Amino acid sequence: PKFFKLISFSTSLSYDWQSSPNSYHSVSILKLTYNRLLHTSAEFDSTLNENPAIALSFRNQFIPAMSYTYTFDKSYPRNRLYWQSSFTSAGNLLYGIMELCGQKGPKKIFNNQFAQFIKATSEVRFYQRIGESASWLAYRFMIGAAHPYANSQVIPYSEQFYIGGANSVRAFSARSIGPGSYAPDKENKYSFINHVGDIRMEANVEYRFRIIGDLHGAVFLDAGNVWLMRKDESRPGGEFTLKNFARQIALGTGAGLRYDMDFLVFRLDCGVGLHDPYDTGKSGYYNIPK
């Protein structure tokens, strides 16, 4: 709150239906979001001045969007498959109407330029039971991409991707790495704001086993990163390239405890980094300084 304050209003109209026992659909006919900065600090303004792309993503703007989400969820005798994909189109219908009406230049509603982009995400999870015990192997792969155009130069900050944290690459805190090999500024406690991107790839594998009663244990391996579609001088190494892809994947491992109450699971994880996607000054693949 001392760094910046932002308020967001959102309203939506959706229609959900189930086409088969395992297939679910959701269509957001209209989702309108309005983001507005209420207060900024000198540190926040300085950060935006150093990074024009981030500054554009924080501007006051409307996000008129339509989206479709498909979910497949099926349990087998020993396995379970879950797949969810989503596609979002923002600003295109409104932009087309204004173009037909002869409005040229940047398009605005209520004197605020609205965002225009497309965004797609897909996530697959597969759960495999081991033997006759209560042990499972859980696999997860997620990919996403967003692209601004026409009325927008960058994706709104709230729609950009990041990794790290309790539900991502758990060895790293949220928004502490990426995009690409862009190195964090450890002297600036607000540098997390720069660690977002247009592309996200993430994979996890986890072995879960029962310890006693409803108490379970887990060991896991997480990998992933985010990237930019375009080169950004203020975030060198952030753009996606096949040449540097392998070394720009952050890797972490760890272990945890689960207390399963059927309707609620309490989870405690401890993650340990194995590979940072940027130059840490330490040679070799295992380049964590300490």
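The values are calculated or read from the model by the stated rules, or taken from the named source; none is laboratory data. Note that the structure is a prediction, hence the values are computed from the model and not measured. Cβ: placed from backbone, ideal geometry, glycine included. Neighbour counts: every protein chain shown. The protein model used for the area step is the full one, side chains on, heavy atoms only, and it has no ligands, DNA or RNA in it. Shrake-Rupley method; radii C 1.70, N 1.55, O 1.52, S 1.80 Å.
Taking springs between alpha-carbon atoms closer than 10 angstrom, which of LEU228, LEU242, LEU48 fluctuates most in the Gaussian network model of the chain?
LEU242
In whole Hz, what ³J(HN,Hα) sequence does segment 188-193 give by Karplus (6.51, -1.76, 1.60; θ = phi - 60°), x for Gly and Pro?
For segment 188-193, the Karplus curve yields 10, 5, 9, 5, 4, 5 Hz.
With the contact rule set at Cα under 8 Å and sequence spacing of 6 or more, what percent relative contact order holds for the chain?
Details: 688 pairs, mean separation 35.3, N = 290.
Across the chain, relative contact order equals 12 percent.
Would you work out what percent of the accessible area of segment 203-290, with all protein chains in place, is carbon or sulfur (probe 1.4 Å)?
Values: 3320 of 5300 Å².
Reported share for carbon and sulfur atoms: 63 percent.
Can you tell me the relative contact order of segment 58-204? Whole percent, Cα pairs under 8 Å, sequence separation 6 or more. Write down the numbers at each step before the final one.
Working: 275 pairs, mean separation 28.7, N = 147.
Computed over segment 58-204, the figure is 20 percent.
Would you calculate the separation in nanometres between label points at SER8 and TYR157, each defined as 7 Å from the Cα along the Cα-to-beta-carbon direction?
Computed distance between label sites SER8 and TYR157 equals 1.1 nm.
In segment 25-54, which residues have a backbone nitrogen under 20 Å from the label point lying 7 Å from ILE97's Cα in the Cα-to-Cβ direction?
27-35, by backbone N distance to the label point.
At 1.4 Å probe size, with every protein chain present, just tell me what the per residue accessible area of segment 61-199 comes to in Å². Please list the in-between numbers first.
Numbers: 6790 Å² over 139 residues.
Value for segment 61-199: 49 Å² per residue.
Show the residues, 5+ positions off or on another chain, whose built amide H is closer than 5 Å to the amide H of LEU6.
LEU38
Around TYR149, with a cut-off of 13 angstrom between Cβ atoms, what is the net charge of the other residues, counting Lys and Arg +1 and Asp and Glu -1? Working shown, then result.
On the way: positive: LYS107, LYS119, ARG230; negative: ASP198.
Once positives and negatives cancel, what remains is +2.
In vacuo Debye scattering of the chain, one point per C-alpha: log10 I(q)/I(0) at q = 0.13, 0.14, 0.15, 0.16 Å⁻¹?
-1.06, -1.19, -1.29, -1.37
So what's the back-of-envelope 222 nm ellipticity for the chain, counting only DSSP H runs of four-plus at -39500 (n - 2.57) apiece and dividing by all residues, rounded to 500?
On the way: 3 runs with 24 residues, N = 290.
Calculated at 222 nm, the ellipticity per residue is -2000 deg cm²/dmol.
Suppose we flag GluC sites (Glu not before Pro) only when DSSP calls them loop and at most 14 other Cβ atoms lie within 10 Å. Which is the longest uninterrupted stretch of the chain?
Working: sites that count: GLU132, GLU187, GLU233.
In short, 1-131.
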